[in-house]
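Worksheet: one structure, shown below.
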Amino acid sequence: MAEEKEKAAEGGTSSERKSDAQMAKAYEAAGQEQEGILLPKIDFSMFIFSLNSSVLVHLGILDDPATGRKSKNMAAAKQTIDILGLLEEKTRGNLTDDERDMLKHILYDLRMMFVREAG
């Protein structure tokens, strides 16, 4: 019973909890322990490319990596395109020219593909 209470209290009180900086440091250290898994550097462009790829999978243009087959999910495609549109709106004035242009062109292309696939 004491062990259960101890586990339940692992979050601890606010004075026992790690600060945001301590948690960020612990998170980075835990991530470094995942040896052998090389992932690309995360930046805004990579994030946008990832969402772009998701839309292409949902439109049935690219194979679904989970199944190895093409299938359409138009609702998920539209939702992801809308997320990209939201990012364009919310980051206006905060992107480099290259990031802004990339997002603008990707959104245009994905919207055109969506209309073509939906028609």
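Within the stretch 57-96, the set of residues being closer than 21 Å to G119 by Cα, of a type in the set (V, I, T) and in a helix (DSSP H, G or I) comprises V57, T80, I81. Number of residues in the stretch 12-51 that are modelled with pLDDT under 85 and either under 17 Å from Y108 (Cα atoms) or of a type in the set (V, I, T) (or both): the value is 2.
Residue-wise test of (1) surrounded by 13 or more Cβ atoms within 10 Å (Cβ to Cβ); (2) touching a residue at least 24 places away in the same chain (Cβ under 8 Å).
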position: V55; (1), (2): yes, yes
position: L62; (1), (2): yes, no
position: S71; (1), (2): no, no
position: A76; (1), (2): yes, no
position: I81; (1), (2): yes, yes
position: E89; (1), (2): no, no
position: L95; (1), (2): yes, yes
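Within the stretch 97-119, the set of residues being exposed (fewer than 12 other Cβ atoms within 10 Å of the Cβ) and assigned to a helix (DSSP H, G or I) comprises D97, D98, D101, H105, Y108, M112, V115, R116, A118. All of (1) modelled with pLDDT of 95 or more; (2) in contact with a helix residue (DSSP H, G or I) (Cβ under 6 Å, 6 or more places away or on another chain); (3) part of a loop (DSSP other than H, G, I, E, B) hold for S54 with one exception: (3).
The values are calculated or read from the model by the stated rules, or taken from the named source; none is laboratory data. Predicted model only: the values in this text are computed from it and were never measured. Virtual Cβ from ideal backbone geometry, glycine too; neighbours counted across all protein chains shown.
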